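The values are calculated or read from the model by the stated rules, or taken from the named source; none is laboratory data. All values derive from a computational prediction rather than experimental measurement. Cβ placement follows ideal geometry from the backbone for every residue including glycine, while neighbour counts extend to all protein chains displayed. Ligands, DNA and RNA are stripped out before the accessible areas are found, and what is left, the full protein with its side chains, is counted by its heavy atoms. Shrake-Rupley method; radii C 1.70, N 1.55, O 1.52, S 1.80 Å.
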Amino acid sequence: MQNELNQQVTAADIASRVGISRSYFSQCFKDIVGITFNDYLRKIRIEKAKTYLIGTGKTVQWIAENTGYMDERYFSRIFRDQTGSLPSEFRKSFRDGGSR
């Protein structure tokens, strides 16, 4: 999953790769990881986006696309839901000497 963040990844895709049903994969994933596959995927995508925002000057559109979100506005909404700030605000807080 970490290597395919810029692509559409689904539980069904992963389940197929390991040869089990999607529902069984989802059940096992939640039992082992503690959160749903989609919640985990969202979490690692947002963490990667934070890394890009802090460490690069790439546009928010580029960051959205490279973390698996083809719609910048949707990405910004998800980012804000997860972090409490928009991507541009998050980046600005680090440039202004803040930390999160």
Does region 16-55 hold any residues that are part of a loop (DSSP other than H, G, I, E, B) and closer than 19 Å to Q2 by Cα, and which are they?
G34, I35, T36
Starting from region 3-19, keep only residues that are without any contact (Cβ under 8 Å) to a residue 60 or more places away in the chain, then list their pairs with residues that are among the aromatic types (F, W, Y) whose Cβ atoms are within a distance under 6 Å, requiring at least 6 positions of separation or different chains.
A11/F25; A11/F37; A15/F25
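Which residue, of T56, T51, is of a type outside the set (D, E), open to solvent by less than 60 Å² (accessible area, probe 1.4 Å) and free of Cβ contacts under 8 Å to residues at least 12 places away in the same chain? Full working, then the answer.
Numbers: T51 fails: open to solvent by less than 60 Å² (accessible area, probe 1.4 Å).
Residue meeting the stated conditions: T56.
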Meets criteria (in contact with a Phe, Trp or Tyr (Cβ under 7 Å, 6 or more places away or on another chain) and of a type in the set (S, T, N, Q)) for S26:
yes
Would you confirm whether or not region 91-98 contains a residue that is modelled with pLDDT under 95, among the hydroxyl-bearing types (S, T, Y) and surrounded by 14 or more Cβ atoms within 10 Å (Cβ to Cβ)?
yes
Would you please name the residue that is farthest from Q2 (Cα to Cα), looking only at residues in region 59-75 that are of a type in the set (V, I, T) and surrounded by 14 or more Cβ atoms within 10 Å (Cβ to Cβ)?
V60
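Open to solvent by 70 Å² or more (accessible area, probe 1.4 Å), more than 14 Å from Q7 (Cα to Cα) and among the aliphatic types (A, V, I, L, M), is that true of I78? Don't jump to the end; show me each part of the working.
On the way: open to solvent by 70 Å² or more (accessible area, probe 1.4 Å): no; more than 14 Å from Q7 (Cα to Cα): yes; among the aliphatic types (A, V, I, L, M): yes.
Criteria not met by I78.
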